[in-house]
Amino acid sequence: MLKRRVVDKYRLYEAAVQDANQQVGIAEQVYKENFHSEPQVLKEDFCGTSWISCEWVTRGEHRESFGLDIDVEALEVGEYLHRRHLAPEQRKRVKLLRQNVLQPTAKKADAVAACNFSYFIFQQRGELLDYFHAAYESLKSNGVFLLETAGGPGFVEAPYKETRSIKHSAGKKKGKKWFRYTWHQRSFDPQYRRGLYSIHFELANGKKWKDAFVYDWRIWTIPEVRDVLLEVGFDDVQVYWEEDDPDEEGYPIYSRREQGDSEFDTWIVYIVGVKKSPA
């Protein structure tokens, strides 16, 4: 039986930092721009609560997804928050697997996604090479591998804190303060590019949740990631940068660029490995 406090922790996280609709949208965009067709099968690595996997199958009657994670708690919360609320026919097309992402999957995907900077958990280049190889082997002959990535001098500034107030977006409390979210950059070692980060929450009733999530990451650079992707065998590596203006619904717009953007102190990009079928 899941404890309410456990569920609430992930619910607050999703409200503060994740947008499955936008993340699914960029996966669709990248695939269509490369292969001029609709992707049908998604493999979500480090799936956590599997929000992306569940959103994916709502976009089409032939869509399938499977999410991988080794955290039983997160998978159980994903079932509770998202998968069980799908229509029965949609639910059949979502598989949540307790499996290490370093192991290739027998089922092949059109798109593999590692969002929320999750692959930063790998500290050594050899680990990153193994992971990218597993992703490559899990793709169909035409496929894309998306890596949501953060960087810039502001992302390695430490100590540093950023705080935002989050309001209820639905229900009787819509528009009222829900909680305060704090992103805490605790330390950064430039020699190993190793950073320690935390997320804190403070509810409207005054209750505080320090270190609700803690991350010990290596902050991989775009050139490092590109080199490993090409070494594994990907035919092309593309980088999608956020544009200055959002779309009509307020969602960020990402576009492929050949040159980076140094305007922002901190940025988020999608690094994409493209696997193409032999000519």
Practice task
Compute the relative contact order of the chain as a whole-number percentage, counting only Cα pairs closer than 8 Å that sit 6 or more residues apart in sequence.
Solution key: 16
Exercise for the section: Would you kindly derive the ³J(HN,Hα) couplings of the stretch 160-173 from the backbone phi angles with the Karplus curve 6.51 cos²θ - 1.76 cosθ + 1.60 (θ = phi - 60°), listing them in order in whole Hz, with x for Gly and Pro? Expected result: 7, 10, 10, 10, 9, 9, 10, 9, 4, 9, 7, x, 5, 9
Exercise for the section: Convert each backbone phi in the stretch 42-50 into a coupling constant with the Karplus relation 6.51 cos²θ - 1.76 cosθ + 1.60 (shift: θ = phi - 60°), then list the ³J(HN,Hα) values in order as whole Hz, x for Gly and Pro. Expected result: 10, 10, 9, 7, 6, 5, x, 7, 6
Handout entry: the chain - share of DSSP beta bridges that are antiparallel (%, nearest 5)
Key = 70
Completion exercise
Sorted on mean Cβ neighbours within 10 Å (highest first), peptides 267-273, 250-256, 238-244 come out as 267-273, 238-244, 250-256
Completion exercise
HN-Hα couplings for the stretch 91-100 via Karplus (6.51, -1.76, 1.60; θ = phi - 60°), in whole Hz with x for Gly/Pro, come out as 4, 5, 9, 10, 10, 10, 10, 7, 8, 6
Exercise for the section: Kindly rank 193-201, 168-176 from highest to lowest mean number of other beta carbons found within 10 Å of each residue. Expected result: 193-201, 168-176
Handout entry: Cleavage-rule hits (GluC sites (Glu not before Pro)) in the stretch 140-234: DSSP loop, at most 16 neighbouring Cβ within 10 angstrom
Key = Glu157
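Just so you know, all these numbers are worked out from the coordinates, no wet-lab data involved. All figures in this text were calculated on a predicted structure; none of them were measured in a lab. Cβ atoms come from the backbone with ideal geometry, glycine included; neighbour counts cover every protein chain shown.
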